[in-house]
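Following: one structure in structure tokens, then a few remarks.
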Amino acid sequence: YIRLVPLSAASALTRRPIGHVRDNITTRKFLQSLLEELVAVANAEGQKFTDREVSDGMDFYDGMPEEFKPSMLEDVGRGNRLELPWLSSRVCELGQLHAIATPANWAANWGLCLQVDGMRCTCTARRQLQSPLVDPAHHLV
């Protein structure tokens, strides 16, 4: 889970396999930020991840085949339902619970939320997370 969430979010949002994401300086930082946020949230939940988890995770991504596509990227391409509610959306929820900022996971959540139900988007009927940047009337603050 600790390496799946960043991999899935970054690849699905950019619509690119891991090699493209990790080899670009901007998207690599995004991938790393997703991982850093998840480690912080996991530790707040009682896990015992060390500072090495982020560097080990980045080494893991560096060792993956360049054209590797996580299932969520495949699902985006096929118009299937996404695992987003159990991945980046859950990191956002737990971040709010523990008062931990998770801006990279929010970016993934915002960028993919309209596709969470695939081609049958019913996002208006779904329970929506309360964004820290949007007030209850849905105005940017």
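The values are calculated or read from the model by the stated rules, or taken from the named source; none is laboratory data. Because the structure is a prediction, the values reported are computed rather than measured. Don't worry about glycine lacking a Cβ; one is built from the backbone with ideal geometry, like all the others, and counts go over all protein chains shown. In case anyone asks, the SASA skips ligands and DNA or RNA and just uses the protein heavy atoms, side chains included. Shrake-Rupley method; radii C 1.70, N 1.55, O 1.52, S 1.80 Å.
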* Take the stretch 48-64 and flag every residue that is more than 20 Å from Val76 (Cβ to Cβ) and either in contact with a Cys (Cβ under 8 Å, 6 or more places away or on another chain) or touching a residue at least 24 places away in the same chain (Cβ under 8 Å) (or both). => Phe49, Glu53, Gly57, Met58, Phe60, Asp62
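What residue, among those in the stretch 25-35 that are open to solvent by 70 Å² or more (accessible area, probe 1.4 Å) and of a type outside the set (Ser, Thr, Tyr), is nearest to Gly111 (Cα to Cα)?
We begin by selecting, within the stretch 25-35, every residue open to solvent by 70 Å² or more (accessible area, probe 1.4 Å); these are 25-26, 29.
This time we only want the ones that are of a type outside the set (Ser, Thr, Tyr), so: 25, 29.
Numbers: Ile25: 20, Lys29: 17 Å.
Here the residue is Lys29.
Give me a count of the residues in the stretch 1-21 that are under 11 Å from Leu73 (Cβ atoms) and either assigned to a helix (DSSP H, G or I) or open to solvent by less than 30 Å² (accessible area, probe 1.4 Å) (or both).
First, the residues of the stretch 1-21 that are under 11 Å from Leu73 (Cβ atoms): 7-18, 20-21.
With either assigned to a helix (DSSP H, G or I) or open to solvent by less than 30 Å² (accessible area, probe 1.4 Å) (or both) added as a condition, the list becomes 7-14, 17-18, 20-21.
Qualifying residue count, the stretch 1-21: 12.
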* Structure fact -> Every listed condition ((1) closer than 17 Å to Thr14 by Cα; (2) surrounded by 13 or more Cβ atoms within 10 Å (Cβ to Cβ); (3) modelled with pLDDT under 90) holds for Ser131 save (1)
* To do: Kindly check whether there is at least one residue in the stretch 22-31 that is of a type outside the set (A, V, I, L, M, F, W, C), part of a loop (DSSP other than H, G, I, E, B) and in contact (Cβ under 8 Å) with a residue 24 or more places away in the chain.
  => no
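Could you please find all residues in the stretch 38-54 being farther than 15 Å from Thr102 by Cβ, open to solvent by less than 50 Å² (accessible area, probe 1.4 Å) and part of a helix (DSSP H, G or I)? Walk me through how you get there before you give the answer.
Just the residues of the stretch 38-54 that are farther than 15 Å from Thr102 by Cβ, to begin with: 46-53.
Then drop every residue that is not open to solvent by less than 50 Å² (accessible area, probe 1.4 Å), which leaves 46, 53.
Glu53, the sole residue that qualifies.
When you go through Leu82, Leu35 one by one, which is the residue that is within 15 Å of the chain's Cα centre (by Cα), of a type in the set (A, V, I, L, M, F, W, C), under 18 Å from Leu112 (Cα atoms) and not in a helix (DSSP H, G or I)?
On the way: Leu35 fails: not in a helix (DSSP H, G or I).
After ruling out the rest, the residue left standing is Leu82.
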* Conditions: (1) at pLDDT 90 or above; (2) under 17 Å from Ser8 (Cα atoms); (3) more than 15 Å from the chain's Cα centre (by Cα). Ser89 meets all but one. Number of the miss? -> (3)
* Structure fact -> By residue number, the members of the stretch 73-90 that are closer than 19 Å to Asn105 by Cα, surrounded by 15 or more Cβ atoms within 10 Å (Cβ to Cβ) and not basic (Lys, Arg) are Leu73, Asp75, Val76, Leu82, Glu83, Leu84, Pro85, Leu87, Ser88, Ser89
* To do: Name every residue in the stretch 55-72 that is assigned to a helix (DSSP H, G or I) and surrounded by 12 or more Cβ atoms within 10 Å (Cβ to Cβ), in order of residue number.
  => Ser55, Asp56, Gly57, Met58, Phe60, Tyr61, Asp62, Ser71, Met72
